[in-house]
Every structure is written in C-alpha cells, then in structure tokens.
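Peer 1: To start, I am sharing the structure in question, which I have written as structure tokens.
Read-outs: derived from the displayed coordinates by stated rules, not from any lab. Remember, it's a predicted structure, so these values are computed and weren't measured experimentally. When we count neighbours, we look across all protein chains shown, and the Cβ atoms used for this are built from the backbone with ideal geometry, even at glycine.
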C-alpha cells in the first residue's frame, strides 16, 4: 500500500498575514490627508488672521467679527471637504472620532500630522503677510490660568458634544452638521475669547505659538 509523504513545509501551518498598510489606509487615504492639511490651513489662516488684525485694530475687524469668521470658515470647510476627509481640522476631533470607532486608530497619527502641518504653514504665512504684527492669533489668556483652564474645558466639551452629536449619530440630520458645528465654534469663541483665547483646537494653538515664538 502506497503512502503519501508529507513535506516538512506542509506540516507547519502558514503564519497569519499581518494587516497591511493598505488595509488600514485605503487607496484614497493620501487624498484624505491632503484635504485635511488644506482644510486646517484655511481654518488657521482665517481664524488667526482675523484675530491678529482684531488685536491690533478693532476698527478693521472686531472681536465679534473674528469669532464669526472662525465659525464661518469651519462651516465652509465641512461642506467643502467633509465628504473627503471628514473635515476634522482638529486633533481633538480626530481622537474623539477614533474613540467612537468613526476613524481607524492607525490613521490618527497621519491626520494629526496633516493638521499640524496645515496649522504651522498657515501661521508662518500670516507672519509674513501681517508683518510687523508679531503675534499671529496666539491664544493668550487675559484672566488667571485657572479661569482659562476651566473655560477651555467647558467650551471644548460643548464643541465636541455638538460635533459628536451631529456627525456620529445616524439619526442626526447630516446636511446641517456644518451649520451646527460652525455655529458652536462661533458662539463658544465669542464667550471664551476674552478669557482663554477660545482655542478648542491644539493645532490652532500650536501653529501660531511656533510662528510667533510665544507659548
């Protein structure tokens, strides 16, 4: 009776394949990262640019006008690139979306790098265009450190609550997400601006701080 010889290679099961980069980052992922970079660039350019001009001459742009400009650019960017990258424009938003499984954790570092790149690039652009203004929209608290900390916690929580409610809940009216989030940014900026600077966004604070040399 013939016997079948088993190769030593056949006796060892094939090791499971490790997840590839393509599995976590689909082919259109570079497009998402680029969109996130551009969106954050424009967010910081408009928000910090208007804030910098307002800090020098409120007759050109008032504090209210700067807050409205910040809210409007958020709304515009959500409708412009929301279908591409999600229009996070904020490392805190990216982390929150990853926590509720609306963004793969493997993509979080790339999103964060894109947001910081956009914010820093916009801040140095403003430094050149608004010379001799030195502080291009830095978040400088006017109250005590404790007041600024509590204010940032409250307004950031409010902004993140609204963002999560309209962007991650399937029952929410998705078409109105841009208006809701932009309005939230505008309202919280009006309230928090005079006390903490109204950042709510690590990239929006880090970019101007690096460009202005003020931390």
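Peer 1: As a footprinting exposure proxy, order 102, 88, 135, 83 by other Cβ within 10 Å, with the fewest listed first.
Peer 2: On the way: 102 13, 88 30, 135 20, 83 10.
Listing 102, 88, 135, 83 from fewest to most nearby Cβ atoms yields 83, 102, 135, 88.
Peer 1: Still on this model: Please report the relative contact order for the chain, taking Cα pairs under 8 Å with a sequence separation of at least 6, and give it as a percent rounded to a whole number. Mind showing how you got there, number by number?
Peer 2: Values: 296 pairs, mean separation 60.2, N = 215.
Here the relative contact order equals 28 percent.
Peer 1: Hey, how many Å between the Cα centroid of the stretch 72-91 and the Cα centroid of the stretch 126-165?
Peer 2: Cα centres, the stretch 72-91 to the stretch 126-165: 19 Å.
Peer 1: Counting other beta carbons within 10 Å of each Cβ, put 78, 162, 173 in order, fewest first. Don't jump to the answer; show the numbers that get you there.
Peer 2: Details: 78 24, 162 18, 173 10.
Fewest to most other Cβ atoms nearby, the residues stand as 173, 162, 78.
Peer 1: From the list [x] 58, 29, 26; [y] 100, 40, 34; [z] 58, 42, 37, can you say which value of Cα extents along the principal axes in Å was derived from the structure given?
Peer 2: Among [x] 58, 29, 26; [y] 100, 40, 34; [z] 58, 42, 37, the one calculated here is [y].
Peer 1: Still on this structure: Determine the calculated [θ] at 222 nm for the chain from helices alone, applying -39500 (n - 2.57) to every DSSP H run no shorter than 4 residues and normalising by the residue count; nearest 500 deg cm²/dmol. Intermediate results must be reported in sequence, preceding the final value.
Peer 2: Values: 9 runs with 141 residues, N = 215.
Using -39500 (n - 2.57) per qualifying helix, the result is -21500 deg cm²/dmol.
Peer 1: A further question on this structure: Using label points projected 7 Å from each Cα along Cα→Cβ, tell me how many nm separate residue 170 and residue 191, to one decimal.
Peer 2: Label at residue 170, label at residue 191, 3.2 nm between them.
Peer 1: Quick one: order 175, 36, 152, 214 by neighbouring beta-carbon count within 10 Å, fewest to most.
Peer 2: Numbers: 175 9, 36 28, 152 21, 214 13.
Ascending Cβ contact count within 10 Å gives the list 175, 214, 152, 36.
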